[in-house]
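> Structure in structure tokens, see below.
Just so you know, all these numbers are worked out from the coordinates, no wet-lab data involved. Keep in mind that this is a model prediction, so the values were computed, not measured. Please note: Cβ atoms are built from the backbone with ideal geometry, for glycine as well, and neighbour counts cover all protein chains shown.
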There are 2 protein chains.
Amino acid sequence: MPARRHTAQQRAIREALEHAGRPLSMAEIHQRAAQAVPTLSLRTAYRVVHRLLDDQDAVAVPVLGQPDRYEPAAVADRHHHHFRCEACDRVFDIAGCPGGLKRMLPEGFELAGHELTLWGRCAECA
Amino acid sequence: MPARRHTAQQRAIREALEHAGRPLSMAEIHQRAAQAVPTLSLRTAYRVVHRLLDDQDAVAVPVLGQPDRYEPAAVADRHHHHFRCEACDRVFDIAGCPGGLKRMLPEGFELAGHELTLWGRCAECA
DNA sequence: ATGCTAATGACAATTTATTGTCAATAAAGG
DNA sequence: CCTTTATTGACAATAAATTGTCATTAGCAT
């Protein structure tokens, strides 16, 4: 396995994710990290985020009808859900989780996970 | 507005949707309807499904990280959620709905809708 | 400082889903 | 049966996200 080298690009992307407070799209990650490293290419954003995913330092947040967003693993480890604002298209983390999901399933179905997305307007856009 | 003409293709697609009992992808719709009308093209499946959507005879069922599936409006009118089998990738309708979602939101957020997807293994694959 | 090579950036290429185009076909009214 | 034109199928074209390639840059061990 090749030796790892730390770069300004990698740090900028990790910090963009950590400071966001909400899941970011690849484009958002690129934009934000590019403020610290203006030469940062979108190609590198893809590469670094993928390495973060491989290393379990970040997780993908699927969004209905859109490409995945990403958030730090530390955030994802605290089970939560998401709210997407229809006006500004931002996705927010929402604490809490409805219970009793297993009871919704027909006989014989095995529940491995679930995803709940709420949508509407965020406080800022409402 | 141009006069409508009924065709075997249209009927095959409508019946495929109605007899499926679960949301179908565009490819699934095409495959199934093509059993009744072997010359049916995927292009026509897109056209007919879009007309069904325009006419509110069908609705799109968004799926995380995948293109929409479709189901008859009559089914969608009864509020429900979906279960995706990780083994066979089929999506099933699930009756019931967790309540109290509005209480999960921060102050000022307006809830317009929600989507809940459960996943795991269906009875057949488990 | 020097050398090795991991990491990057530019840009082409791919992938997957969907849509545009247009000649050929066929539904429905006269 | 004929005519009109909505509908279809073949195929090209697009759109958007992601990935491949490769010459250049720059970490870091020596």
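> Nearest-to-axis residue of chain B, judged by Cβ, for the B-to-A rotation, with distance in whole Å?
Nearest Cβ to that rotation axis, in whole Å: B:Pro98, 2.
> Treating the point 7 Å from Cα along Cα-beta-carbon as the label, what are the nm separations from B:Leu42 to the other copies, to one decimal?
2.4
> I've got another one for you. Would you mind ranking B:Val63, A:Val49 so that the residue whose beta carbon has the fewest other beta carbons within 10 Å leads the list?
Exposure proxy ranking, most exposed first: B:Val63, A:Val49.
> Same structure again: Kirkwood Rh and Cα-based Rg: tell me the resulting Rg over Rh for the protein assembly as shown, rounded to two decimals.
Working: Rg = 21.3 Å, Rh = 20.6 Å.
With Rh from the inverse mean 1/r over Cα pairs, Rg/Rh is 1.03.
> While we're here: Please tell me the relative contact order of region A:15-118 in percent, rounded to the nearest whole number, where contacts are Cα pairs under 8 Å and at least six residues apart.
23 percent
> Ok, one more. Springs between alpha-carbon atoms under 10 Å, Gaussian network over chain A: tell me which of A:Pro62, A:Pro72, A:Pro98 tops the mean-square fluctuations.
A:Pro98
> Starting from a label point 7 Å past Cα on the Cβ side, list the distances from B:Arg4 to the same position in the other copies, nm, shortest first.
With the label placed 7 Å along Cα→Cβ, B:Arg4 yields 6.0 nm.
> Any idea how far apart A:Arg78 and A:Glu110 come out in nm if each label point goes 7 Å out from Cα toward Cβ?
Between A:Arg78 and A:Glu110, the label points sit 3.1 nm apart.
> Using the alpha-carbon centroid of each, what span in Å lies between region B:37-83 and region A:1-15?
Taking the Cα centre of each part, region B:37-83 and region A:1-15 sit 44 Å apart.
> Go through region A:26-126 and name the GluC sites (Glu not before Pro) that are in a DSSP coil and have 13 or fewer other Cβ atoms within 10 Å of their Cβ.
On the way: sites: A:Glu28, A:Glu86, A:Glu107, A:Glu110, A:Glu115, A:Glu124; in loops: A:Glu86, A:Glu107, A:Glu124.
Passing both the DSSP loop test and the Cβ count: A:Glu86, A:Glu107, A:Glu124.
> Which loop trypsin sites (Lys or Arg not before Pro) in region A:1-43, with loop taken from DSSP, have no more than 12 other Cβ atoms within 10 angstrom of their Cβ?
A:Arg4, A:Arg5
> Continuing with the same structure: Search the structure for amide H atoms under 5 Å from the amide H of B:Ile94, placed 1.01 Å from N in the peptide plane, and list their residues when 5 or more places away or on another chain.
For B:Ile94, whose amide H was placed from the backbone, the distant partners under 5 Å are B:His81, B:His82, B:Phe83.
> Give me the percent of DSSP beta bridges within chain B that run antiparallel, rounded to the nearest 5.
Counting DSSP beta bridges with both partners in chain B, the antiparallel share is about 75 percent.
> Let me ask you something else. Helix A:26-36 against the longest principal axis of chain A: what's the angle in degrees, Cα atoms only, rounded to the nearest 10?
40 degrees
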